[in-house]
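Encoded as structure tokens, the structure appears first; notes follow it.
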Amino acid sequence: MKINFFKYQGAGNDFILIDHTTSPLKNIDNELIEQLCHRRFGIGADGLMFITRHENYDFEMHYFNADGKLGSMCGNGGRCIVAFAKHLGIIDMEANFLAVDGPHYARISASGDWVDLQMIDVDTVTRDADAYVLNTGSPHYVIQQRDLDGFDVFTAGKSIRYNATYNEKGINVNFVEDKGDHLFVRTYERGVEDETYACGTGVTAVAMAMAKHKNQTGHITTDIKVLGGDIKIEFDYDGHKFTNVFLCGPAKLVFEGEVD
Ligand SMILES: N[C@H](CCC[C@H](N)C(=O)O)C(=O)O
């Protein structure tokens, strides 16, 4: 069985994309997805997505984590699938698509490799000691960390993700260092069970948590640096609810291929 795939990356968060209407992969095989995402035995990726057609939207996004299991919302994946939909000719410069957390609007830059993706509104942010916990389509834990460059994100992130509070459902763990004109963020991702180069729902959660932490309100733009590049987050915050949330960043086709 030959599977035609496209490899995309958004700030180093990398994905295998498959057009499910033309793919022979009709029944979802979670073990096969895990194998395709494996960096030594497969193509290698943080996740895999299927694009399918939808009656009421431009398309539907189906996201699986590298462990082969269905994931919650993936922000960088969402930006990459918009670029993929344009590549397939399904959309032009804008998209309205359906994902696991509901409908999303997105727009593509004139250059074609920068996507602004609207994310869900958020009105619930809780505390876990010094950390902020919120759901931006996926569940996130946000904690400030000094000297983040040399910090052991894998060990610290993993111990939080598997502690008594989060063990069962899992959580994505984001460490943030305020650098003044930008935030530096590193993330341990559930479902990948490793640090990734970027996490879109994660940096969205970080920007919100930091706005709340600093008591900022109004229209807020946050520049964020992650291991794989630069991302910008925009939203309105009235002190209770985050609305008009946009995750803006690169989404690039790396290569196209076929696997047996
Ligand atoms: N990398 C993704 C997050 C994937 C979510 C996944 N790790 C889960 O919690 O199911 C992003 O850019 O938002």
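Brief remarks follow.
- Formal net charge of residues neighbouring Arg79 (Cβ-Cβ distance under 15 Å; K, R +1; D, E -1): -4
- A 1.4 Å probe run over the protein chains yields, for the chain, 45 Å² of accessible area per residue, whole-number rounding.
- Between the listed residues Thr21, Gly44, Cys74, the Cα displaced farthest toward the positive end of the dipole of the stretch 6-75, a dipole computed from Cβ unit charges relative to the Cα centre, is found at Gly44.
- Local net charge near Asn244, Cβ-Cβ under 10 Å (Lys/Arg +1, Asp/Glu -1): -3
- Cβ-derived FRET efficiency at R0 35 Å, Glu256 paired with Glu94, nearest 0.05: 0.90
- What separates the Cα centres of the stretch 227-260 and the stretch 46-107 is a distance of 12 Å.
- Applying the Karplus relation 6.51 cos²θ - 1.76 cosθ + 1.60 with θ = phi - 60° to the stretch 44-50 yields 3J(HN,Hα) values of x, 5, 7, x, 10, 10, 10 Hz, where x marks Gly and Pro.
- Binned Cα-Cα distance frequencies in the stretch 168-254 - 10 Å width, integer %: 17, 49, 30, 5, 0
- Proximal lysine pairs, the chain, alpha carbons under 21 Å, eight or more residues apart or interchain: 23
- Building the convex hull from the alpha-carbon atoms of the chain and averaging its projection over directions returns 13.6 nm².
- Using the Cβ-Cβ distance between Lys69 and Lys179 with R0 set to 35 Å, the FRET efficiency from 1/(1 + (r/R0)^6) comes to roughly 0.50.
- Carbon plus sulfur fraction of accessible area for the stretch 117-260, probe 1.4 Å, in percent: 44
- Couplings for the stretch 58-71, taken from phi via the Karplus curve 6.51 cos²θ - 1.76 cosθ + 1.60 with θ = phi - 60°, read 4, 6, 10, 9, 10, 10, 10, 6, 4, 7, x, 9, 4, x Hz in order; Gly and Pro are left as x.
- Simple label model, 7 Å out from Cα along Cβ direction - Phe154 to His213, nm: 2.5
- Sites Asp236 and Asp29, calculated FRET efficiency, Cβ-Cβ separation with R0 35 Å, nearest 0.05: 0.25
- Alpha-carbon centroid distance for the pair the stretch 177-208 / the stretch 112-130, whole angstrom: 11
The values are calculated or read from the model by the stated rules, or taken from the named source; none is laboratory data. What you see is a predicted model, and the numbers here were worked out from it, not measured in a lab. For neighbour counting, all protein chains shown are included, and Cβ atoms are generated from backbone atoms with ideal geometry for every residue, glycine included. Note: areas computed on protein heavy atoms with side chains; ligands, DNA, RNA excluded. Shrake-Rupley method; radii C 1.70, N 1.55, O 1.52, S 1.80 Å.
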